[in-house]
1. Kindly indicate the residue of the range 82-97 that is part of a loop (DSSP other than H, G, I, E, B) and open to solvent by less than 60 Å² (accessible area, probe 1.4 Å) and also nearest to residue 122 (Cα to Cα) among those meeting that condition.
2. With the requirement that a residue be modelled with pLDDT of 95 or more, of a type in the set (D, E, K, R) and not in a strand (DSSP E or B), what does the range 59-81 give you?
3. In the range 203-249, which residues are in contact with a Leu (Cβ under 8 Å, 6 or more places away or on another chain), outside any loop (DSSP other than H, G, I, E, B) and aliphatic (A, V, I, L, M)?
4. For the range 155-195: of the residues being on the phi > 0 side of the Ramachandran plot and of a type in the set (Asp, Glu), which is most open to solvent (accessible area, probe 1.4 Å)?
5. Which of (1) out of contact with any Gly (no Cβ under 6 Å at 6 or more places or on another chain); (2) at pLDDT 95 or above; (3) under 22 Å from residue 126 (Cβ atoms) is the odd one out, the single condition residue 29 does not satisfy?
6. Output the qualifying pairs, or none if there are none: Cβ atoms under 6 angstrom, residues six or more apart or on different chains, first residue in the range 181-195 and touching a residue at least 60 places away in the same chain (Cβ under 8 Å), second residue of a type in the set (Val, Ile, Thr) and open to solvent by less than 10 Å² (accessible area, probe 1.4 Å).
7. Give the range 196-206 a look and list any residue that's open to solvent by 30 Å² or more (accessible area, probe 1.4 Å) and at pLDDT 95 or above, or say none.
8. What is the residue count in the range 69-125 for residues that are within 29 Å of residue 47 (Cβ to Cβ) and of a type in the set (Asp, Glu)?
Amino acid sequence: MKKILTVIGLMLIVACSVMVVVSCENTDWGEGDGDPTLLEYELSEDGTYYSVAGLGNYVGTHLVIPEEYNGLPVKKIEIDAFCEQDGLDNSALLAIKAITIADSVTDMGEYMSFAETKIEKLNIGSGVKESIRSWSFGMSNSLKEINVSKDNQTYMSKDGVLYSKDGSKLVKYPQQKADKMFRIPRSVNTIKMEAFYGNGNIKKVKMGNHLTTIESKAFYGTTLEEIKIPNSVEIIGSWAFGSCKNLKKVKIGRKVRIIEGSAFYDTLIEEIKIPNSVEKLEGDAFESCEKLKKVHIGSGVKEIGDYTFAGCDSLEEVVLPKNIEKIGTYAFAYCESLKRIIIPKSVKTIGAQAFYHCDNLTEFLYRGTETEWKDVELITTTHSLIWGTKYNQPIFSDNTQIYTYSKKRPSGDGNYWRYILWMPTVWKS
């Protein structure tokens, strides 16, 4: 009997901690204080319900949005309902530490509804069904936990984290949740936009092969130190790990197809290997990664977008695939530690200022012949987005010498290179 009870206990623990399919939250959220009738309300156009439009004269620390006001249901929280007002005393707003949303509310506001509060706890009733976005919670709040009624049919929560009801989407991880490490539950296939935005405590997130998508700004501005993106992930959204100032180690799974713009902007990555599955490095993907020293780009990449590695001033080594076709504007600009780069002869276009201010790049080695180099489109003009004016822009630094490949010693003047014992070597005149 003792063994049977132990097994049952273990099964219950697994059901409540491994698979996010059943909420294990306690929905006893306690009594509110203050008078919620003092909130500012707005009658709907059809006169059938009220929305909470502002704080009004409410004073308290635990605000409970009521089910009714003046005999009609309260169904909505308006955009900016709890934002600070310029020139007014906002002390009452900042004193609120918890908000409980009544079951009658179906829409809690998708943009900035709680952006400038100092709430630590948000309790969501059973009625909320409209799309919740991270912006609803703001970017500089004190939120530590989100709880959802077990009767809600759209969302659920577990350990203070907000998920879609079926557990397939992680919607919001509170910015002040104190955990240093978090394991993405097995039921989650998508980390939603801005889900971990700005969390200042998280250092490590473990992802399993159930995950397929990391949306825009999912981890923007967090204190992550390392991340291993599983093979199941196909899309890394724009700014997904941007401005993660402590992020040093990144391993990208071998099925990632798209790395969107600024995905790893301004991080501390020192080395990155782009898998063969990636089709395009979109603009700014690794811009301003000042510690990045080595880049190996897989064979699937045919285009390096604008500004992809711009400002990576520690970059010393770049390995390009043999079938790459385009190097975008400013792609490697201001990579001041880059001394040599070998360009495949598959390259058809090089954008304006692609290697501008690479002042130590003295050897630009093109794998094709001198004749083939002449067919490469070198874009030396850019357009002003404001005035439409054309500007002449160099592609290279003044210190850069362009060398074309020649297996045998050339008879005429020019800059040429070859391989000696598999090492790129410039022909001496």
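1. Narrowing the range 82-97 to residues part of a loop (DSSP other than H, G, I, E, B): 82-90, 95-97.
After this cut, where a residue has to be open to solvent by less than 60 Å² (accessible area, probe 1.4 Å) as well, the list is 82-83, 90, 95-96.
Numbers: 82: 13, 83: 16, 90: 20, 95: 14, 96: 11 Å.
Looking at residues that are part of a loop (DSSP other than H, G, I, E, B) and open to solvent by less than 60 Å² (accessible area, probe 1.4 Å), I get 96.
2. 67
3. If the condition is that a residue be in contact with a Leu (Cβ under 8 Å, 6 or more places away or on another chain), outside any loop (DSSP other than H, G, I, E, B) and aliphatic (A, V, I, L, M), then 205, 227 are the ones that fit.
4. Of the range 155-195, the ones on the phi > 0 side of the Ramachandran plot are 159-160, 167, 194.
Next, from what is left, pick out any that are of a type in the set (Asp, Glu): 159, 194.
Details: 159: 104, 194: 9 Å².
Of everything passing the filter in the range 155-195, 159 is most open to solvent (accessible area, probe 1.4 Å).
5. Only one criterion in (1) out of contact with any Gly (no Cβ under 6 Å at 6 or more places or on another chain); (2) at pLDDT 95 or above; (3) under 22 Å from residue 126 (Cβ atoms) is unmet by residue 29, namely (2).
6. 185/20; 187/20
7. Residues of the range 196-206 that are open to solvent by 30 Å² or more (accessible area, probe 1.4 Å), as a first pass: 197, 200-201, 203-204, 206.
Listed by number, the residues that qualify are 201, 203, 204, 206.
8. Matching residues across the range 69-125 total 5.
The values are calculated or read from the model by the stated rules, or taken from the named source; none is laboratory data. Predicted, not measured: the structure shown is a model, and the values here were computed from it. FYI the Cβ positions are ideal-geometry reconstructions off the backbone, even for glycines, and counts take in every protein chain you see. Note: areas computed on protein heavy atoms with side chains; ligands, DNA, RNA excluded. Shrake-Rupley method; radii C 1.70, N 1.55, O 1.52, S 1.80 Å.
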